[in-house]
Amino acid sequence: MSRRGVVAVAAAVAASAGLVSQPVGTAQVGVGQVGAAQVGAGQVGGGQVGVQAIGLPQQLDTLLSDSRFQGSQVALVVRDATTGETVYDRNGGTRMLPASNTKLFSSTAAMHTLGPDYRFHTDVLATAPVRDGKLRGDLYLKGYGDPTALESDYVDLAKQVAQSGVKRIDGDLVADDTYFDHVRLGDSWAWDDEPFYYSAQISALTLAPNADYDSGTAIVESLPGSAIGKPVKLTLVPANGVLKLVNTATTGAAGSANTLSIERDHGTNLVRVTGSIPVDDTTAGVEWVTVWEPEVYAADVFRRALAAQGVLVYGRIKIGATPVDQARQLARDESMTVGELMTPFLKLSNNMHAETLVKAMGAVAAANGSWSAGLAVATQYAQSVGVDTSTIRLSDGSGLSRKVNVTADSITDLLLAAQKEPWFQQWYDALPIAGNPDRFVGGTLRNRMRNTPAADNLHGKTGSLTGVTSLSGYVTDRDGRKLVFAMMSNNYLVSPRSVEDAVGVTLASWTSQAPVAAIAPDTTRSVQVADECGEWDKAC
């Protein structure tokens with residue numbers, strides 16, 4: 001596991017911790033004790049201990065007085081989802097770093113601009129004639145931004161080419177990703193994040209190694225060698241000739257520490273594998289690495305698929321543009337719909353999906369597949385539904401950029417407006433759902449707020465960067481009233497993520513019909529979060 005993987009695991013443990021009772025001058029309970037503590041004050045004379053009830057704003061004030069916010073910033077806005085009435089406002093107009101809450105803006109804009117039925121596609125084209133099974137020229141592989149293309153999709157394209165009668169390509173295989181511009185990484189993305197899967201290069205022609213659709217990456221699987229001192233066994237998924245593994249990792253003694261590190265050198269496709277795996281660790285390790293120039297990676301996998309179908313390419317792989325006016329289509333692959341993409345995108349907080357959607361919006365709406373064009377489209381959509389875009393700045397679609405600034409007011413405005421859209425239900429269902437252990441239901445919230453009134457209730461988008469955590473979404477209180485909320489915390493040293501959970505449970509537990517005990521966050525298992533991938537599943 002890499003250095004970042006160790007930190008990510010620590011962050012995940014902290015995020016999954018339960019909430020515990022902390023005295024603040026009123027009756028308080030842990031998450032699992034909410035029901036037991038909700039005793040009406042009128043029952044005191046009957047021999048039961050009464051609860052000193054405080055109003056919802058007071059409970060939220062108490063949560064936000066947590067010592068972890070000293071010297072840092074927190075914003076929280078809660079509104080009635082039906083009327084838009086503000087229930088609670090702490091720094092709602094203050095600009096904050098939202099991390100992956102930025103995906104609320106990119107995802108809603110994509111559902112509006114591209115539409116839930118939009119599909120990406122990848123084409124295989126030719127300009128030269130085919131005689132006796134021989135293509136007397138180049139074969140073009142042209143991408144239109146599909147972030148879900150798998151090796152199996154390139155195999156299907158190869159089968160279509162073979163079925164068209166082509167058995168040999170005398171020219172080159174041209175990788176064409178000109179549907180997007182050639183800017184690969186987002187504004188202010190950190191150089192030291194580049195090898196890791198959450199910071200992959202954005203290309204209109206790309207490839208994902210798995211059904212999470214981590215486009216622009218490959219997987220390195222690792223196992224110990226046959227004996228102590230032997231090299232570690234490595235496998236690339238999918239097999240390709242673009243990434244070059246330099247393996248100095250060895251097999252360690254039984255019970256020794258797993259110190260394996262797998263990282264790509266900047267500016268190259270050279271992947272260095274160092275460290276050690278104990279000989280008795282027989283579970284295959286899995287590490288994602290990003291690929292430099294993913295269009296070449298996709299073309300290499302496609303070339304191998306062609307060869308497997310008996311179609312030989314005699315030329316080389318090169319990067320270029322398809323002369324579209326002269327080309328005829330030999331094969332096409334289409335993606336799932338954008339509406340369907342929302343599930344892996346939002347449940348797993350996939351940065352690459354966000355950025356692909358941004359560039360696709362620019363390409364479709366402005367014939368310009370760039371970040372600037374796509375972000376302008378996203379901003380215009382937010383403005384059209386009532387968000388004051390003069391107070392915010394979108395610098396990318398995922399929130400990995402540290403130049404993104406939004407307000408809790410702008411997020412709640414967006415959440416309120418989204419409810420009126422024809423695609424709302426599909427988008428709402430794609431948000432992570434608190435406490436649901438199914439990875440593609442609970443998503444990044446599956447280990448949070450379990451066994452509480454927020455579980456299978458709160459639909460929200462998480463966010464995480466070093467010194468940033470956020471949670472925004474929808475929750476229904478005990479009276480059946482639906483609320484929208486947005487919470488962002490910035491510049492802390494010790495993560496207040498358990499306070500976010502306590503806010504979510506407090507909102508889900510609230511009722512105007514009876515006193516409710518205050519809920520306090522867990523302060524016993526907080527750790528310092530110091531990575532850019534604390535909300536995501538994979539070691540990075």
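Descriptive notes on the structure:
- Qualifying residue in the stretch 339-354 (condition: farther than 30 Å from Asp438 by Cα and basic (Lys, Arg)): no
- Residue, nearest to the chain's Cα centre (by Cα), within the stretch 132-168, restricted to residues that are assigned to a strand (DSSP E or B) and of a type in the set (A, V, I, L, M, F, W, C): Leu141
- Some residue of the stretch 97-115 being farther than 24 Å from Ser495 by Cβ and assigned to a loop (DSSP other than H, G, I, E, B): yes
- Filter pass, Gly467 being under 20 Å from the mean Cα position of the chain (by Cα) and surrounded by fewer than 21 Cβ atoms within 10 Å (Cβ to Cβ): yes
- Considering residues of the stretch 118-131 that are surrounded by fewer than 22 Cβ atoms within 10 Å (Cβ to Cβ) and in contact with a helix residue (DSSP H, G or I) (Cβ under 7 Å, 6 or more places away or on another chain) only, the residue farthest from Gly362 (Cα to Cα): Thr127
- Within the stretch 311-326, tally of residues that are at pLDDT 95 or above and either closer than 17 Å to Asp123 by Cα or touching a helix residue (DSSP H, G or I) at 6+ places or on another chain (Cβ under 6 Å) (or both): 9
- Of all residues in the stretch 251-269, those that are of a type in the set (Val, Ile, Thr), more than 22 Å from Trp191 (Cβ to Cβ) and either surrounded by 21 or more Cβ atoms within 10 Å (Cβ to Cβ) or at pLDDT below 95 (or both) total 1.
- Answer from Val475, Val484 - the residue that is in a strand (DSSP E or B), out of contact with any Ser or Thr (no Cβ under 6 Å at 6 or more places or on another chain) and of a type outside the set (Asp, Glu): Val475
- First in the stretch 467-482 and over 30 Å from Arg402 (Cα atoms), second anywhere and acidic (Asp, Glu), Cβ under 8 Å, 6 or more apart: Arg481/Asp80; Lys482/Asp80
- Within the stretch 364-402, tally of residues that are in a loop (DSSP other than H, G, I, E, B) and either within 18 Å of the chain's Cα centre (by Cα) or farther than 17 Å from Ile202 by Cβ (or both): 15
- Among the residues making up the stretch 389-406, those that are buried (at least 21 other Cβ atoms within 10 Å of the Cβ) and of a type in the set (Ser, Thr, Tyr) are Ser398, Ser401.
- The sole residue among Ala53, Ala75, Ala110 that is modelled with pLDDT under 95 and surrounded by 14 or more Cβ atoms within 10 Å (Cβ to Cβ) is Ala53.
- Qualifying residue in the stretch 116-135 (condition: farther than 30 Å from Ser164 by Cβ and either among the β-branched types (Val, Ile, Thr) or at pLDDT 95 or above (or both)): yes
- Residue within the stretch 213-227 that is within 25 Å of Arg316 (Cβ to Cβ) and in contact with a Leu (Cβ under 6 Å, 6 or more places away or on another chain) present: yes
- The residues listed here are Gly225, Gly285, Gly275; of these, the one that is on the phi > 0 side of the Ramachandran plot and not aliphatic (A, V, I, L, M) is Gly275.
- If you go through the stretch 429-461 and keep only what is within 13 Å of Pro344 (Cα to Cα), in contact with a strand residue (DSSP E or B) (Cβ under 8 Å, 6 or more places away or on another chain) and in a loop (DSSP other than H, G, I, E, B), you end up with Leu431, Pro432.
- Test: residue in the stretch 130-140 that is under 28 Å from Leu471 (Cβ atoms) and either of a type in the set (Val, Ile, Thr) or touching a Ser or Thr at 6+ places or on another chain (Cβ under 6 Å) (or both): no
- Matching residues, the stretch 286-297, being crowded, with 21+ Cβ neighbours inside 10 Å and in a strand (DSSP E or B): Glu287, Trp288, Val289, Thr290
- Applying the criterion of being in contact with an Asp or Glu (Cβ under 8 Å, 6 or more places away or on another chain) and at pLDDT 95 or above to the residues of the stretch 270-284, the residue that is surrounded by the most Cβ atoms within 10 Å (Cβ to Cβ) is Val271.
- Selection count where residues are in contact with an Asp or Glu (Cβ under 9 Å, 6 or more places away or on another chain), β-branched (Val, Ile, Thr) and either part of a loop (DSSP other than H, G, I, E, B) or more than 26 Å from Arg303 (Cα to Cα) (or both), scope the stretch 223-250: 1
The values are calculated or read from the model by the stated rules, or taken from the named source; none is laboratory data. Model, not experiment: these values are computed from the prediction. Counting neighbours? That spans all protein chains shown, and the Cβs are built from the backbone with ideal geometry, glycine included.
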